[in-house]
Ligand code: NCD
């Protein structure tokens, strides 16, 4: 029996297969519901605090949309400059204050581990919307939901993750979710941006098939899903190193057409130039549908964590 009531969602690794299946199930129910009716009053009277200390478009707006569609309300901020952090307030004091106002907290912060610090300080459950180059579990769940929607069963499918696998938090959380689904994982990255070796080794130790290459064209040929990621400019200490690596992989329409026109292409967005706009009208280009799925999955998470689903 799955019970997510009161649970913090800080990383991908702390969710069991049963919990993940339950979240997917409830997200599917909310999607079906919203097709008929634009909103519900399941979380009426509940307040979400959306605390974004780092830039965000999709994560913040889909959390807010999810709470509005569930009948609750939202407080929060979208940059640290507008808050008392700019006066020197600590994260813990900000969180202890917000905890007086809100029933559930979604937050994004530039420091790895910040969501854990917040969860330790708050009575309200905390949903990690990204902590530096660490984790981004709610994105990983909506990515899984998108894959299941686009492909059906994932067992035996080949998922190619491409780009900045060193700094990309969506893929760090993603692999902790995908490991439950018997998929073959192929990591495509330049040498300097490979998936951290401790993650790759741990996955292999769990029996997950993991391959590594720097050759996108070869990986694309065998991909059921190609998950592109942005080179994470804000995580580079040396701007010259970013300049050297920023165009490592660019998915062109030509490459898709000749290598694998039936592939499902995903991206957490924002893209800079890793997917040419000519790819957008490919039937398998799922990245904007993926962004839309964020609402259903975040509705499911908040309803389950608040004990209403
Ligand atoms: C990602 C993030 O913030 O980690 N975006 C998102 O949440 N959809 C990916 C990125 O910024 O590259």
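Results, tabulated for the structure shown:
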read-out: Part-to-part distance (alpha-carbon centres) for segment 218-290 and segment 92-163, which is given in Å; value: 22 Å
read-out: Nitroxide proxy distance, nm - points 7 Å out along Cα→Cβ at residue 289 and residue 39; value: 2.8 nm
read-out: Extension reserve of the residue 276-residue 96 stretch, reckoned as 0.36 nm per residue once the Cα distance is removed; value: 60.4 nm
read-out: Rg followed by Dmax, in Å, when segment 12-82 is reduced to its Cα trace; value: 14.3, 40
read-out: Percentage relative contact order, segment 215-275, counting C-alpha pairs under 8 Å, at least six apart; value: 55 percent
read-out: Residue among 148, 37, 135 with the largest mean-square fluctuation in a Gaussian network model of the chain, springs linking Cα atoms under 10 Å; value: 37
read-out: Length gained when the stretch residue 262-residue 235 is fully extended (0.36 nm per residue, less Cα-Cα span); value: 6.4 nm
read-out: The chain: most fluctuating residue of 174, 88, 156 per GNM, C-alpha cutoff 10 Å; value: 88
read-out: Two-decimal ratio, the chain, of alpha-carbon radius of gyration to 2.2 N^0.38 Å; value: 0.98
read-out: Virtual spin-label span in nm between residue 192 and residue 214, 7 Å along Cα→Cβ; value: 1.1 nm
read-out: At R0 = 25 Å, FRET efficiency that the Cβ-Cβ distance of residue 29 and residue 182 yields, to 0.05; value: 0.50
read-out: GNM top mover of 23, 199, 231 - the chain, alpha-carbon springs below 10 Å; value: 199
read-out: Segment 154-301 shape via C-alpha gyration tensor axes, a/c threshold 1.5; value: rounded
read-out: At R0 = 35 Å, FRET efficiency that the Cβ-Cβ distance of residue 201 and residue 75 yields, to 0.05; value: 0.25
read-out: Nearest-ten-degree value, helix 287-305 long axis tilted from longest Cα axis of the chain; value: 40 degrees
read-out: Estimated inter-spin distance, residue 86 and residue 123, nm [label 7 Å along Cα→Cβ]; value: 3.1 nm
read-out: Contact order relative to length of the chain, as percent, for alpha carbon pairs under 8 angstrom and 6 or more apart; value: 21 percent
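Each reported figure results from applying straightforward, stated rules to the coordinates on display, with no laboratory input. Being a predicted model, the structure only gives us computed values, none of them experimental. Note that each Cβ is placed from the backbone with ideal geometry, even for glycine, and that neighbours are counted across all protein chains shown.
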